[in-house]
Amino acid sequence: MADKETVLLERGFVLHQRPYRNTSQLLECVTAAHGRVGLVARGSRAGRGSRRALLQPFTPLRLSWTRRGELGTLTDVEPDGPPAALTGEALLAAYYANELLLRLLARGDPNDAIHSCYSDCLLNLAETSNVSRALRLFELRLLRALGYGLELDCEIETGEPLRPDGRYLYDPEQGPKAAADRIEDEHAYWGRELLALGREALDDEDSLRAARRLLGGILQCHLGERPLKSREVLKDIIARGL
């Protein structure tokens, strides 16, 4: 039998919750030192206690649990700061970020960089009016934290630095390749667009549109054919540039 794991006051967020048995919840959480974990919160749906109020998405928490096997049992929870002040498009975008993590993270794979970029994403969404920019930066940093960082500085076949006025085809598995200057292709980008993304300088609509197109294609390669539910819900926002 596997040894019993006891974790105390680990930093984390609830990504998703669903009813479990009569009065409990099954939680999917992202944590700093233990990655994604599944926890049973026993009795958390009974009444209106403080535990139920805390176990909400977008609230920084300190989670304690015991575990033997894949699912753990929540033993304690404390706030680790105020919940992110999210409304409207920013709130819907945060649910998209949660779904990305649920689809891309396996349980039990520790990665503090993912916890950090998610925490930064919530802060950015709460403080900015440019929801699209906050999401593109989250997607870029998440791919990097997962080990799928993009080549955005050099042409992969020659090693030459990208030219701002050069035209490139982006291979999702390798990187940018030089292309005819006026080629029209769904995988074609100007060097300046790739360089801007590499610098996280998404300060105009052209760079944001290019970043959305490139990052969306890269993520799709890792997500597979099943569409994100949040993307379906957000069709009207996507049409406005999210």
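Rule-based calculations on the coordinates, nothing more; no lab input. What you are looking at is a predicted structure, and each value in this text was computed from that prediction instead of being measured. All Cβ positions, glycine included, derive from the backbone under ideal geometry; neighbour counts span all protein chains shown.
Among ARG21, ARG163, ARG133, determine the one that fluctuates most according to a GNM of the chain built with springs between C-alpha atoms less than 10 Å apart.
Residue with maximal mean-square fluctuation among ARG21, ARG163, ARG133: ARG21.
In vacuum, with every alpha carbon of the chain counted as one equal point scatterer, what does the Debye formula give for log10 I(q)/I(0) at q = 0.08, 0.14 Å⁻¹? Two decimals, please.
The Debye formula, applied to the Cα set alone, gives -0.36, -0.93.
Work from the charge dipole of the chain (Cβ charges, +1 for Lys and Arg, -1 for Asp and Glu, about the Cα centre) and give the residue of ALA201, ALA179, GLY159 farthest towards its positive end.
ALA201
Roughly how many debye, to the nearest 20, is the charge dipole of the chain about its Cα centre, given +1 on each Lys and Arg Cβ, -1 on each Asp and Glu Cβ, and no other charges? All intermediate terms of the calculation are to be shown ahead of the outcome.
Values: 33 positive and 36 negative charges, 322 e Å.
Result for the chain is approximately 1540 debye, rounded to the nearest 20.
With a cut-off of 8 Å between alpha carbons and a minimum separation of six or more residues, what is the relative contact order of region 5-79 in percent?
Details: 172 pairs, mean separation 26.2, N = 75.
Rounded, it is 35 percent for region 5-79.
Considering the chain as a Gaussian network with a 10 Å cut-off on Cα pairs, which listed residue, ARG52, ARG226, ARG103, attains the greatest mean-square fluctuation?
Among ARG52, ARG226, ARG103, the largest mean-square fluctuation in the Gaussian network model of the chain belongs to ARG226.
On a 0 to 90 degree scale, rounded to 10, what angle separates helix 205-223 from the longest Cα axis of the chain?
Value to nearest ten degrees: 60.
Under 10 Å, Cα contacts only: if you run a Gaussian network model on the chain, which one of GLY198, GLY149, GLY69 comes out with the highest mean-square fluctuation?
In the Gaussian network model the winner is GLY69.
Apply 1/(1 + (r/R0)^6) to the Cβ-Cβ distance of ASP203 and ARG226, taking R0 = 22 Å, and write down the FRET efficiency to the nearest 0.05.
Details: r = 33 Å, r/R0 = 1.52.
Taking R0 as 22 Å, the efficiency between ASP203 and ARG226 is 0.10.
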